[in-house]
Amino acid sequence: MRIVSLVPSATEMLFALGLGGDLVAVTHECDYPAAARELPKVTRDALPGGLSAVEIDAAVKRRTLDGRSIYELDAEMLRDLEPDLIVTQALCSVCAVSYDEVRKIAERIETRPRVIALDPRTVGEVLGDVRTLAQATDRKDAAVALVAEAAARIDRVRVATRRARRPRVAALEWLDPPFSGGHWVPQMIDYAGGEDALGLPGEISEERTWEEIAALSPDVVIVMPCGYDAEIAHREAEMHQDELASLGAGEVVAVDAGAYFSRPGPRIVAGLELLAHILHPEIVPEPPAGARALTVDL
């Protein structure tokens, strides 16, 4: 089967299902696992490089109002690849190529590929997407094993933290302006033994003011700018030290959102384990392998 993935999280799922050899192209943001970086890229970033966080936010809002994505698709290359399956998403109209655009192009490809759009909003729906891809690629046994392992790890965290104190958590998906973590993130916080002060499970990320966040008296602030790694998130936090200090939280940490939070793929389970370590180090003394929480000194 010839597969094109237009979503980084789907690329991770396909590799986890043992389908890396069937992938013929991915997006320019598909960087995990390492083998994904070697595959041909059918997208490019529509935004210029070197923008600040506030400039990125303004540019994204302009493109959203115009109905445009921040991705640009190489339609000619996609047609030449003649895929049997194209995996995209309908969750965020900005963060991936438009589903309607992909579907129209697919109708003009000789192989008439099937187009699957993933749209997860909760942890359960993320795991459901594994099953969806498995059904389309005849990898049901691999999906059963992958989902069972993920469910067992999730249950271990929930059981370990169920009687612990529940600190109030402010997860910030962007800082300039501040946005609350949305979709599956509030559920991850709940499973990790915390109380999300800003969001509700399954709901979209929302723009907030620093005053609104401070009024909710968070105990812990998790800085997780969408798509950024922990080092960049930490630098962003240092640029907003005064605003973060005004929240009055006892702890502010920066994490790798691109790996563990903003991509609804298999690694959100490690993100949940990392959250449990941050919120309850007495119960979960070690973070998952490779994951870090960088303390922000205020």
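The set of residues in region 120-134 being polar (S, T, N, Q) and closer than 20 Å to A192 by Cα consists of T122 alone. Of the residues making up region 258-284, those that are under 30 Å from H28 (Cβ atoms), of a type in the set (A, V, I, L, M) and touching a residue at least 60 places away in the same chain (Cβ under 8 Å) are A259, I268, V269, L272, L275. The single residue among I213, I222, I204 that is β-branched (V, I, T) and surrounded by 24 or more Cβ atoms within 10 Å (Cβ to Cβ) turns out to be I222. Just one of R292, R263 is at pLDDT below 95 and crowded, with 21+ Cβ neighbours inside 10 Å; which is it? Answer to the selection: R263. Cβ-Cβ contacts under 8 Å between residues 6 or more apart (or on different chains), taken from a first residue in region 285-298 that is within 18 Å of A259 (Cβ to Cβ) to a second residue that is assigned to a loop (DSSP other than H, G, I, E, B), are listed as A291/D256; R292/D256; A293/P287.
For (1) of a type outside the set (V, I, T); (2) part of a helix (DSSP H, G or I); (3) under 26 Å from V220 (Cα atoms); (4) in contact (Cβ under 8 Å) with a residue 40 or more places away in the chain, each residue gets a yes or a no:
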residue	(1), (2), (3), (4)
T111	no, no, no, yes
V157	no, yes, yes, yes
E173	yes, no, yes, yes
P186	yes, yes, yes, no
G193	yes, no, yes, yes
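Please verify whether T132 is more than 30 Å from L85 (Cβ to Cβ) and polar (S, T, N, Q), treating the condition exactly as stated. It is false that T132 is more than 30 Å from L85 (Cβ to Cβ) and polar (S, T, N, Q).
Would you be able to tell me the number of residues in region 129-152 that are assigned to a helix (DSSP H, G or I), surrounded by 14 or more Cβ atoms within 10 Å (Cβ to Cβ) and not hydroxyl-bearing (S, T, Y)? Within region 129-152, residues that are assigned to a helix (DSSP H, G or I), surrounded by 14 or more Cβ atoms within 10 Å (Cβ to Cβ) and not hydroxyl-bearing (S, T, Y) number 12. Counted as qualifying within region 1-90 are the helices (runs of 4 or more DSSP H) with 1 or more residues that are at pLDDT below 95 and loosely packed, with under 13 Cβ neighbours inside 10 Å, namely 53-65, 75-81.
Rundown of residues vs (1) out of contact with any Cys (no Cβ under 7 Å at 6 or more places or on another chain); (2) modelled with pLDDT of 95 or more; (3) in the same structural domain as P285 (by TED's automatic domain parsing), yes/no style:
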residue: G124; (1), (2), (3): yes, yes, no
residue: D129; (1), (2), (3): yes, yes, no
residue: Q135; (1), (2), (3): yes, yes, no
residue: E149; (1), (2), (3): yes, yes, no
residue: R153; (1), (2), (3): yes, yes, no
residue: P177; (1), (2), (3): yes, no, yes
residue: S180; (1), (2), (3): yes, yes, yes
residue: Q187; (1), (2), (3): yes, yes, yes
residue: E211; (1), (2), (3): yes, yes, yes
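Tell me whether region 276-285 contains one or more residues that are in contact with a His (Cβ under 8 Å, 6 or more places away or on another chain), buried (at least 22 other Cβ atoms within 10 Å of the Cβ) and assigned to a loop (DSSP other than H, G, I, E, B). Among the residues of region 276-285, at least one is in contact with a His (Cβ under 8 Å, 6 or more places away or on another chain), buried (at least 22 other Cβ atoms within 10 Å of the Cβ) and assigned to a loop (DSSP other than H, G, I, E, B), which makes the answer yes.
Does A276 meet the test of being closer than 19 Å to R158 by Cβ, modelled with pLDDT of 95 or more and small (G, A, S)? Criteria met by A276.
What about R163, is it surrounded by fewer than 17 Cβ atoms within 10 Å (Cβ to Cβ) and not in a loop (DSSP other than H, G, I, E, B)? Judged against the criteria, R163 is not a match.
The values are calculated or read from the model by the stated rules, or taken from the named source; none is laboratory data. In this text the structure is predicted, and so the values were computed from the model without any measurement. A quick note on method: Cβ atoms are made from the backbone with ideal geometry, for glycine too, and the neighbour counts reach across all protein chains shown.
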